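The values are calculated or read from the model by the stated rules, or taken from the named source; none is laboratory data. As the structure is a prediction and not an experimental result, all values here were calculated from the model. Heads up, the Cβs are rebuilt from the backbone with ideal geometry, glycines too, and the neighbour counts pull from every protein chain shown. Just so you know, the surface numbers come from the protein's heavy atoms only, side chains and all, with ligands and any DNA or RNA stripped out. Shrake-Rupley method; radii C 1.70, N 1.55, O 1.52, S 1.80 Å.
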Amino acid sequence: MKFLLTTIIVTVFFGGIFAQQKTVTSVKKMAVIPGGMYEPFFITKANKPLRVASFKMDETAVTNAEFLEFIKQNPQWRRSKVNRLFADSNYLRHWQSDTVIGIAHKNIYNSPVVNVSWFAAQAYCKWVGKRLPTVAEWEFAGNGKPQNIKYKSLTDFILEWYRKPNPPILPNVKSTYKNQYNLYDMHGLVWEWTFNFNSFISKGDSRGSTEDEQKAFCAAGSLDVKDRSDYAGFLRFSYRGSLKGNYCIANLGFRCAKDLK
Amino acid sequence: MKKIIIGILFSASIVSCSQNNGSSAKDLQTSARETNDQNVKQPLPEESIFQLKDSFETQDAKPFTLAMLQGKPTVIGMIFTHCTYACPRLTADIQHIAKTLKEDKDKVNFVLVSFDAARDTAARLKEFADLMHLDKNWILLHGNEEAVRTLSVLLGVQFEKDANGDFSHSNLVSLLDKQGVFQYQKEGLEADHAETINRLKKLMAQK
């Protein structure tokens, strides 16, 4: 009888430990980004500098290994099950199968997960009790000064990366540089999803006249960008503006953020 | 000793109970959804925007999920009521579509969803509906930021909140079929909606 009870107790005890293991492996180091003023990239009559409140951000992009954990626990997000509305046919195409990253891809376990849609990124962040960063938060954090590399200007550094073709095998996280907020690879590894990526109001191709623009957009269109020499920023905003929520792209990953509480 | 053991077992069972409770609450939600889904005639197609499970609130302060629109084609736009220029015009454009349909307008859902999670309360939406003389076929919705953002992503509507709490946004009128599958979209204010109306009539005739 006592033996039985002990067995039960031990089982319950260890069951508890194993149940907690999920949360242990999902804990990812986050950096605290002290708030400040963020000057929106596009200047309009209404676009004054925004106050970005202090927040926390994953120190690296979410990796394939981390995303695999999510996939195992959330079958509806598996490659074979996902709704096309929420992820296009490129979704996780670099994995061997639904729940196997693959021997051929051994080196990418610790690389940023890419080929993930906005919806999938949203769902992942929610699952770990976080959220996607806003554009303002991401840009504010991304402007942090590099700490451990030599560089002349951040813009030149970023443009140098943009110029390079995608490497056939994506390097691991923490392979580029760390910035003043202790965030790794904000530029230089992958592009990253943001919560409000669809906030970029593109003027469209065919709209020349100001009247058309006024008709097409509630507020006046952009008058100018804050810094004409920030070509890298311009590319980033254009890239975001060209995305759709279900797009899965080989150089687009994400990291999560959280309110500071 | 036995008491202690029983005590431990008991507390352990409370722990596991509370865990179970957590998951059974989720199960309940899912089954509630399923029951809801059973009430409607057909299962939603995969590409239906009604797959979005987020809950919104109507101008009458009633909870609302998009799946409740199933059965009629839907004309949907996104606005905010503090908008002085574009949004009343976008609303008027949809009103024009409704007018063209005459009595048949009862066979269509006209939906406006607000960008403004902070200011567009149910009461405020009700005021806007009255001001614009929107009839019972109109459903005005507000929801949390995430739900609104997700819908905007699904509809391809770009929007951004500025420092004043107002919004820059694209002006789009979208058309969904009876199952919530995206069919057509027209951009711009005071746009020519002949094609929208044409397609809407076809969608109304569908089973």
**Request:** Output yes when any residue across segment B:141-150 is over 26 Å from residue B:179 (Cβ atoms) and either within 14 Å of chain A (Cβ to nearest Cβ) or not polar (S, T, N, Q) (or both), and no when none is.
**Result:** yes
**Item:** Qualifying positions in segment A:73-88 - of a type outside the set (D, E, K, R), surrounded by 11 or more Cβ atoms within 10 Å (Cβ to Cβ) and part of a loop (DSSP other than H, G, I, E, B)
**Value:** A:74, A:82, A:83, A:85, A:86, A:87
**Request:** Determine if segment B:117-127 includes at least one residue that is out of contact with any Phe, Trp or Tyr (no Cβ under 6 Å at 6 or more places or on another chain) and within 11 Å of chain A (Cβ to nearest Cβ).
**Result:** no
**Prompt:** Which numbered condition trips up residue B:135, out of (1) outside any helix (DSSP H, G or I); (2) surrounded by 21 or more Cβ atoms within 10 Å (Cβ to Cβ); (3) more than 14 Å from every other protein chain (Cβ to nearest Cβ)?
**Reply:** (2)
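One line per residue, one yes/no per condition, for (1) within 20 Å of the chain's Cα centre (by Cα); (2) crowded, with 19+ Cβ neighbours inside 10 Å; (3) within 14 Å of another protein chain (Cβ to nearest Cβ):
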| residue | (1), (2), (3) |
| --- | --- |
| B:129 | yes, yes, no |
| B:139 | yes, yes, no |
| B:152 | yes, yes, yes |
| B:156 | yes, no, yes |
| B:164 | no, no, yes |
| B:170 | yes, yes, yes |
| B:201 | no, no, no |
**Top-ranked residue of segment B:47-87 - restricted to ones that are within 13 Å of the chain's Cα centre (by Cα), among the small types (Gly, Ala, Ser) and more than 13 Å from chain A (Cβ to nearest Cβ), ranked as surrounded by the fewest Cβ atoms within 10 Å (Cβ to Cβ)** = B:55
**Complete:** Those residues of segment B:155-171 that are at negative phi and part of a loop (DSSP other than H, G, I, E, B) come to a total of 7
**Fill in**
When every residue in segment A:147-161 that is part of a helix (DSSP H, G or I) and among the aromatic types (Phe, Trp, Tyr) is compared, the one surrounded by the fewest Cβ atoms within 10 Å (Cβ to Cβ) is A:161
**Message:** Checking residue A:128 against (1) open to solvent by less than 10 Å² (accessible area, probe 1.4 Å); (2) at pLDDT 95 or above: exactly one of these is not met. Which one?
**Reply:** (1)
**Request:** Scan segment A:92-114 and give yes if some residue there is within 30 Å of residue B:54 (Cα to Cα) and within 14 Å of another protein chain (Cβ to nearest Cβ), otherwise no.
**Result:** no
**Request:** Output yes when any residue across segment B:88-111 is at pLDDT 95 or above, open to solvent by 10 Å² or more (accessible area, probe 1.4 Å) and in a strand (DSSP E or B), and no when none is.
**Result:** yes
**Item:** Looking only at segment A:106-119, and only at residues there that are in a helix (DSSP H, G or I) and touching a residue at least 60 places away in the same chain (Cβ under 8 Å), the one that is least open to solvent (accessible area, probe 1.4 Å)
**Value:** A:118
**Asked** For segment B:172-189, what are the residues that are part of a strand (DSSP E or B) and either open to solvent by less than 10 Å² (accessible area, probe 1.4 Å) or more than 7 Å from every other protein chain (Cβ to nearest Cβ) (or both)?
**Response** B:172, B:173, B:174, B:175, B:176, B:181, B:182, B:183, B:184, B:185, B:186
